[in-house]
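Reviewing the structure listed below.
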Protein chains: 2
Amino acid sequence: MVVIGAGFAGMAVVRALRSSDAEITLVDRNNHHLFQPFLFQVATSILEPAEIAAPIRSLVREMPNVRVELREATRIDLSRRTVVMNEGSDLAYDILVVATGAQTSYFGHESEWAQHALGLKSLGDAITARNKLLKAFERAEMESDPKKQARDMTVVVVGGGPTGVAITGTISEFTRRTLASDFRNIDLRQARIVLVQSGPRLLPAFSERHSAYAASALQRQGVEVRLGAPVTHVDATGVTVGDERIEAATVLWCTGVQGVPVARTLGGHVKPNGTVAVQNDFSVPGHPECFVVGDAAHAIGPDGRPVPGLASIAQQQGRYVGKLISARLANRALPNRYETFTPSKVATISRHVGVAEFRGRSIIGFPAWLMWGLLHLRALTGGGHAKLSILANWLRLLVTYRRSGRLIVEPSELATHQEGHAQKGPDDTTTRVSRRAVLRN
Amino acid sequence: MVVIGAGFAGMAVVRALRSSDAEITLVDRNNHHLFQPFLFQVATSILEPAEIAAPIRSLVREMPNVRVELREATRIDLSRRTVVMNEGSDLAYDILVVATGAQTSYFGHESEWAQHALGLKSLGDAITARNKLLKAFERAEMESDPKKQARDMTVVVVGGGPTGVAITGTISEFTRRTLASDFRNIDLRQARIVLVQSGPRLLPAFSERHSAYAASALQRQGVEVRLGAPVTHVDATGVTVGDERIEAATVLWCTGVQGVPVARTLGGHVKPNGTVAVQNDFSVPGHPECFVVGDAAHAIGPDGRPVPGLASIAQQQGRYVGKLISARLANRALPNRYETFTPSKVATISRHVGVAEFRGRSIIGFPAWLMWGLLHLRALTGGGHAKLSILANWLRLLVTYRRSGRLIVEPSELATHQEGHAQKGPDDTTTRVSRRAVLRN
C-alpha cells in the first residue's frame, strides 16, 4: 500500500499499521515530519527548525514494513490504481491513503497575491518570513525616505484565527521588546503591526468573551486590530483592506486553506476548495481501496460544520483508517463507526497569554497559555531532546525576552542552483547554466 | 570610522574601541557573526545555525558608539577615503578597518569548479552542503541504475587541512553510523568517502606523527585517503585526481582561500591571492588611516611563513589595531610593536578523536578532542545558552550517535523570489517577474 504525506494523519496511519502485514511505501516531498503548530515560533526566532521537525526516516526506523520515498505525487489514477510521481517510476497500489494536508488559499488570487503575502505552511516558509521581517527592519534602519521607512516598519497579518492571532502577538513582542534595543536610527516600539480579520471577531471558533479578550490583549501590546475588514488587494508595497490602503513591507497570510493539487486529481469527489468528500470510513465513494484523511479530507463534524484543521483530529482520523485497514487485511471485525471527538479549544495570544475552553470552562491568561504549551509539547513528535530544548527556549523568553537566532540565513546563488541541479540529477547541464545566468542578473 | 566585516577580527577591533571616542559604523553583508570553526558541524547536522551564530546587533547592543549596517562593500577608494556600497549611499571614513576575511579559492577554476564543489564559508554554504548530501542519499535509495547509485553514495572532500580532516571524519560517522539504519535499499556503511590531499600528508601544519595518526584514524573509519593527489578537474558528476576519475554526487572543497573582492580594490598592495600586504601595524603602506586585519591581511609570522587563518590570530590582530586606534585618538602612547603569538595546534578528526600540540607536547585521541572542544567552546561568541545547547548536542552524539536535525530545508521558489525582491526594495517589479519566470522552468 501507499501513503502520501507524512504529516499528522499520514504518520498516524503508518503507526497504526506497524505490526500489520501491510507493506507500506510512505511518500513525502519533504524529508521531515513537521510540527506545524509551532511554525509561527520558528518564523519569529523563538525556535529553530530542528526543534519542530523530525526526519521521517528516523520516525519509521523501527517499522521494517515501511519504506520512505522523498518524492512528490503529482496525480492519482483511481482506475489504474497508480500514483504518478514527479520523477522516477510511478507507484502502483492495492490500498492508497491520501494524507497530503492543505496549502494556503488566496481565494482565487494565487497568481497575484501569493508572491507578496507569505503563507506559513513549511519550514522554508517560516525561514523566509523571518528573513523578510528582519531584512525590512534592516532596510528601515538605513532608509532616509520617511515613507519607505514607515513601510519597512509595518507588518500586516491577514487572518484572525488561532495562527493569525498567535503570530501577530509574537511578532509584536519580537519587534517591540526583543529587537527594539538593537537599532539606533529607528524606534521599533513605533513599528506598526496590523491584524486584519474579514469576519466580525477574532478566534471565531471560541466564545465572544474570548474573542474580545484576544483583541484587547493584542491592542494593549499596540497591535491595530481591524475587524470586518476583508482584504481586497495585495501587491509588493502593501495591502488594501476595504477602501483603506496599508503600506507594508511584510504581509503574512494566515487565512484560507485548500487541498493540495494532487488531491484535486481524485475527480468528481473534490470540493471547490480542493478537499475531498469522503464516506464515513474516509474512503472515496466507489473506491473502498482509497482513503483520504486529515486536512485533505472534507469531513463534517457532529455539529454539521467542517471539522477544524487540528493536529489531534488528523491523528484521530489517521489512527481510525489505519485500524480499519489492519482489520481488513487480517480479516478481523472492522472497528466501530468513526466519531469525531470534540477537541479542547486552546489558543496562544502572546508571550504566556492565551485563551482556552476546557470541559465547558473558560480559561484566560497565563493558565490558558500554560495549557496550550503543555498540550502541544506533549503532542510533539520528536523525543525528549527536542522537548527539553523547546522548554529551555520558552523559559529564557519568559525571563529575558531573548531569542535564540535572529539570523538571516539564505542559500547562496550557488546553493539555489545546486539544489535545482540536485533534483534534476547530475546529467542535466543545460538548464543549470541558463538558470544560473539569470540568477546572476 | 568604518569597520568592514564583523568576523573575529572586526569584532575584536570594535570591542577594543568600546570605551573610546570613535564613532564606528560596522558594515557586514550578513546580520550575524559566525563561529566558523563549528561550521562543519552544521553541515553534518550536529549543530544548528542558531548555535554557532549571533546577531551582530545583539553583540554591540551595549556599545552606543557602534552602528551596524547590513550592506555589502564593493570598492574602497583610498584617495577619496570612501567605501562604495552595493546599495544606498557610500560611506566616508577618517579611519578604515578592512576585516573582510577570506573566501574559497578554486585556484583559477572558479567559473568551472565552484558550481560543483561546495566551499564551506557561510551558514548558507553549510545548509546547502547538508541538503546536497542528504538528497544524494535519498536519490540513491530510489535509484535502479547501479552506476548512478554508487555516484550518489560517494562523497569527495578536497583538502587535507584541519577543516577537510574534520568534515571527512564527521561525514563518515554521520553516513555509516547515524544514517545507515534509516535506509532500506542502500547500505550506507558501504558509502564511499574519499579525502583528497594534494600534498604528501594530512594536517601539514602538525608533526608527521600526527599526520600519520589522522590518516590511519580516518582509514579505520573506512575513509579512502589520497595523498599527493592534486585535483585536475571537477564537474557535475565527480572529480579527477591526477589521472583517476572519481564519480561523486557530493564534492566539498576545503582547500584554498583568497581575499574577498572588495579587498582586491586596495590596489598595488594586493597579493595575487587577494590578501593585502600590510605594514607591521597592519596599515596599508602610505595609508596610516587604513588597516587590514584577519584573513584579509597578508601577515608573515616569526617563522617567515604566512600566519595560519585562525580565529585566535584574527582576534589578536583586531585587538591590537583597536588599541592602536584608541591610543591615537586619545593621543596616548601607541602600544608596543605587534608580535604574533604561537597558537596551540589542535585539530579534530572524528567523533571525540583529535590531535594536538600543546607546549611542545603531543596529545592524541580523546584528550586532544576534549582540548579542541573546550578551547573552541570557550572562544564561542554567543553566551551561555548556545554553549549549553552545543554541549548537550555533543553529549548526545557521544552517547547515542544521534543528531538533532537531519532536515532538508529549502526556501520555496517564492522564497527565492521574495528574497531577491526584498533586497531590491519594493519598487522594482520588472526584474522580479522575469526571475520568477525562469526559476519556474
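The values are calculated or read from the model by the stated rules, or taken from the named source; none is laboratory data. Everything numeric here is computed off the predicted structure, so don't read it as measured data. Using ideal geometry, Cβ is built from the backbone for each residue, glycine included, and neighbour counts are taken over all protein chains shown. The accessibility values were calculated without ligands, DNA or RNA, using every heavy atom of the protein model including side chains. Shrake-Rupley method; radii C 1.70, N 1.55, O 1.52, S 1.80 Å.
Some observations on this one:
- Residues in segment B:55-71 that are touching a residue at least 12 places away in the same chain (Cβ under 8 Å), facing chain A (nearest Cβ under 9 Å) and part of a loop (DSSP other than H, G, I, E, B): 2 in all.
- Only one of A:Thr104, A:Thr44, A:Thr74 that is away from chain B (no Cβ under 11 Å) and closer than 29 Å to B:Glu48 by Cα: A:Thr44
- Filter result for B:Leu120 (in contact with a Phe, Trp or Tyr (Cβ under 8 Å, 6 or more places away or on another chain), open to solvent by 10 Å² or more (accessible area, probe 1.4 Å) and at pLDDT below 95): yes
- Verdict on A:Gly365 being modelled with pLDDT of 80 or more, over 20 Å from A:Ala53 (Cβ atoms) and open to solvent by less than 30 Å² (accessible area, probe 1.4 Å): yes
- Remark: A:Asn273 matches the filter, which requires a residue to be polar (S, T, N, Q), in contact (Cβ under 8 Å) with a residue 12 or more places away in the chain and more than 26 Å from A:Arg15 (Cβ to Cβ).
- Residues of segment B:22-39 that are in a loop (DSSP other than H, G, I, E, B) and open to solvent by less than 10 Å² (accessible area, probe 1.4 Å): B:Ala22, B:Phe35.
- Entirely in segment B:129-227, the strands (runs of 3 or more DSSP E) that have 3 or more residues that are buried (at least 18 other Cβ atoms within 10 Å of the Cβ) and in the same structural domain as B:Ala248 (by TED's automatic domain parsing): B:154-158, B:192-196
- When segment B:336-390 is filtered for residues that are basic (Lys, Arg), in contact with a helix residue (DSSP H, G or I) (Cβ under 9 Å, 6 or more places away or on another chain) and within 19 Å of B:Leu310 (Cα to Cα), the ones remaining, listed by number, are B:Lys345, B:Arg378.
- Filtering B:Asp281, B:Asp295, B:Asp303 for residues that are exposed (fewer than 14 other Cβ atoms within 10 Å of the Cβ) and among the acidic types (Asp, Glu) leaves a single hit, B:Asp303.
- Among the candidates A:Ile24, A:Ile52, residue that is β-branched (Val, Ile, Thr), under 30 Å from A:Thr178 (Cα atoms), touching a residue at least 12 places away in the same chain (Cβ under 8 Å) and within 14 Å of chain B (Cβ to nearest Cβ): A:Ile52
- When B:Val42, B:Val14 are checked against the criterion of being open to solvent by less than 10 Å² (accessible area, probe 1.4 Å), within 22 Å of A:Ser181 (Cα to Cα) and not in a strand (DSSP E or B), B:Val14 stands alone in meeting it.
- When residues in segment B:152-194 are screened for being away from chain A (no Cβ under 14 Å), under 20 Å from the mean Cα position of the chain (by Cα) and aliphatic (A, V, I, L, M), 6 of them pass.
- Just one of (1) surrounded by fewer than 21 Cβ atoms within 10 Å (Cβ to Cβ); (2) in contact (Cβ under 8 Å) with a residue 60 or more places away in the chain fails for A:Glu110. It is (2).
- Taken together, B:Val276, B:Val257 contain a single residue that is over 30 Å from B:Val353 (Cβ atoms) and under 21 Å from the mean Cα position of the chain (by Cα), which is B:Val276.
- Each residue in segment B:231-283 was checked for being of a type in the set (A, V, I, L, M) and within 14 Å of chain A (Cβ to nearest Cβ), and 9 of them qualify.
- Test: residue in segment A:329-350 that is surrounded by 15 or more Cβ atoms within 10 Å (Cβ to Cβ) and in a helix (DSSP H, G or I): yes
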